[in-house]
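Scroll down for the structure; my scribbles are underneath it.
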Amino acid sequence: MKYFRLLVLGNGISAYGSYLNMVALNVFVYDATGSALAAGLFMAVRLATSVVSGWISGRLVSVHDRKRLMVGADLCQAVALLSLLLAPDGVRPGLLYVLAVVTGGCSTLSQVALRSSIPEIVGAEHRVRANGLLVTGRSLAMIAGFASSGLVVAQLGYSAAFALDAATFLVSATVLFLLPVRTRAADDPADGGPRAAGSGPARWTVRVLLGTAPLLMAMIAVRAVDGLGSSSHNVALPLYSSSLDPDHPATFISQFWATWAIGNIVAQQVIGRVTRKAGRTPGERAFALGAIVMSAGFIVVFSGLPTVPAVIAALVAGAADGFTETVYVSRLQSAPDEQRGRLFGLSASAENTGFGLGMLVSGALLERFSPLAVVAAFHGLAIVLCAALLLLLTLRRRRTPAPRADGPDGPAGPDRSAVTEGHGR
């Protein structure tokens, strides 16, 4: 953990630029083209690139130096933004879609590489704490990015917003480049050591993952459905906020995201302390229960409650969201290093696919149904899938005999739970 806080700082700075970029670019696309279709196409291209990049990123981080990949991803995004900034006005509309591809692909690559590297950077025993710090940094960056984006664009203009965004990626790349951290297992060829025969990245196909780590694949499926739920409340929130206060539609949105972020940050403090006290990492059961609480909280937010109960529900949803993400990422990180990159690449593709599909479907459904109905349908599906995962875990536990204390796999024997049973390392 010696250098990790500096890495969190750099990652948080680039995350701030990403959230600022998310608002500024979407508004700029509409202003530059005067077309809502063009703005929607820009978002679609970025999401589609993120989905494809998940598959490619899994391969890349399995065979190449992850630190160099993260530095390169940040530099590519900075160059793309500076190119847009320096381009003539007539060229900018065409460059926007190039920028969508670059930012969508590079942000996914950077995320997959970083998540895959955490156990090697801080040690497997500290991965929950490290993931909590990263989530906390991104939550604070989200608050700052969304809160300042309107002011930066309104007061300084798009050029200043793009320049600031590019600078955040340059800072992140510099911090990563200077930090003396190892991002791969010591026996990995990309880190100068040998790898066991037959354990190369080509071995870890989806079919093999289904056979070797079925519970991890089930968790990834839950995250994909969670993406559907997340898209529903993101799309429904402006409509619901406008119905609450037509004169000030942004009020409830601001309250919602600020409270969600506070809950997210609080959850990281709690899970870190609980994990240190218990001496073990929460597994699939905790993940499923947390996801159920999260989805139920988002449904309650849209149920028409007064402001105070609704904000409390958002706080609970944010806390459960932060808890679930940390448990999920930490659980995938318990897999062997050569398997980890493919898992996180597959996870990124699944989550982005769920979110993108949910944006399209929920937007269409909101034309006919209320925000509560749409959010309840999507998050309800996630609750059902989580309940099925809990049932599967219960049946699996009943069928699995308890280890004999005097056997080779007893308390003194090797820990095989990292991949098969979800109790971490």
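The values are calculated or read from the model by the stated rules, or taken from the named source; none is laboratory data. Just so it is clear, the structure is predicted and the values come from calculations on it, not from any experiment. FYI the Cβ positions are ideal-geometry reconstructions off the backbone, even for glycines, and counts take in every protein chain you see. In case anyone asks, the SASA skips ligands and DNA or RNA and just uses the protein heavy atoms, side chains included. Shrake-Rupley method; radii C 1.70, N 1.55, O 1.52, S 1.80 Å.
Just one of the listed residues (Ala319, Ala387) is at pLDDT 90 or above, more than 25 Å from Trp257 (Cβ to Cβ) and not in a loop (DSSP other than H, G, I, E, B), and it is Ala387. Condition check for Thr281 on (1) part of a helix (DSSP H, G or I); (2) out of contact with any Leu (no Cβ under 9 Å at 6 or more places or on another chain): one failure, at (1).
Can you find a residue in region 345-356 that is among the hydroxyl-bearing types (Ser, Thr, Tyr) and either outside any helix (DSSP H, G or I) or farther than 20 Å from Ala291 by Cα (or both)? Within region 345-356, not a single residue is among the hydroxyl-bearing types (Ser, Thr, Tyr) and either outside any helix (DSSP H, G or I) or farther than 20 Å from Ala291 by Cα (or both).
Conditions (1) more than 29 Å from Gly363 (Cα to Cα); (2) surrounded by fewer than 18 Cβ atoms within 10 Å (Cβ to Cβ), marked per residue:
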residue	(1), (2)
Asp31	no, yes
Leu37	no, yes
Ala44	no, yes
Val61	yes, no
Arg68	yes, yes
Val79	yes, yes
Asp89	yes, yes
Val98	no, yes
Ala130	yes, no
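Among the residues of region 20-29, those identified as under 23 Å from Val171 (Cα atoms) and either open to solvent by less than 30 Å² (accessible area, probe 1.4 Å) or modelled with pLDDT of 85 or more (or both) are Leu20, Asn21, Ala24, Leu25. If the condition is being of a type in the set (D, E, K, R) and under 22 Å from Gly72 (Cα atoms), then region 111-149 contributes Arg115, Glu120, Arg138.
Screening Val112 with (1) in contact (Cβ under 8 Å) with a residue 40 or more places away in the chain; (2) surrounded by fewer than 23 Cβ atoms within 10 Å (Cβ to Cβ) gives one miss only, at (2). Applying a threshold of 7 Å to beta carbon distances and a minimum spacing of six or more residues, or different chains, the list of pairs starting in region 119-142 at a residue that is closer than 13 Å to Ala267 by Cα and ending at one that is among the acidic types (Asp, Glu) and surrounded by 23 or more Cβ atoms within 10 Å (Cβ to Cβ) reads Val135/Glu325. Checked against (1) buried (at least 21 other Cβ atoms within 10 Å of the Cβ); (2) among the aliphatic types (A, V, I, L, M); (3) at pLDDT 90 or above, Ala167 meets all criteria but (1).
Pairs linking a residue in region 248-267 that is part of a helix (DSSP H, G or I) to a residue that is at pLDDT below 90 and of a type in the set (Asp, Glu), with Cβ atoms under 9 Å and 6 or more positions apart or on different chains, are Thr251/Asp245; Phe252/Asp245. Of all residues in region 71-92, those satisfying the criterion of being modelled with pLDDT of 90 or more and either farther than 13 Å from Ser107 by Cα or not β-branched (Val, Ile, Thr) (or both) are Gly72, Ala73, Asp74, Leu75, Cys76, Gln77, Ala78, Val79, Ala80, Leu81, Leu82, Ser83. If the condition is being open to solvent by less than 40 Å² (accessible area, probe 1.4 Å), within 19 Å of the chain's Cα centre (by Cα) and of a type in the set (Phe, Trp, Tyr), then region 291-332 contributes Phe298, Tyr328. In region 341-384, of all residues being among the aromatic types (Phe, Trp, Tyr) and surrounded by fewer than 24 Cβ atoms within 10 Å (Cβ to Cβ), the one that is farthest from the chain's Cα centre (by Cα) corresponds to Phe369.
Conditions (1) under 27 Å from Glu338 (Cα atoms); (2) among the polar types (S, T, N, Q), marked per residue:
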site	(1), (2)
Ala38	no, no
Leu41	no, no
Leu75	yes, no
Leu84	no, no
Pro88	no, no
Gly104	yes, no
Thr108	yes, yes
Leu133	yes, no
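Of the residues that sit in region 218-257 and are in contact with an Asp or Glu (Cβ under 8 Å, 6 or more places away or on another chain) and of a type in the set (D, E, K, R), which one is least open to solvent (accessible area, probe 1.4 Å)? Among those that are in contact with an Asp or Glu (Cβ under 8 Å, 6 or more places away or on another chain) and of a type in the set (D, E, K, R), it is Asp226.
Residues in region 271-280 that are touching a residue at least 40 places away in the same chain (Cβ under 8 Å) and either within 19 Å of the chain's Cα centre (by Cα) or open to solvent by 80 Å² or more (accessible area, probe 1.4 Å) (or both): Ile271, Gly272, Arg276, Arg280.
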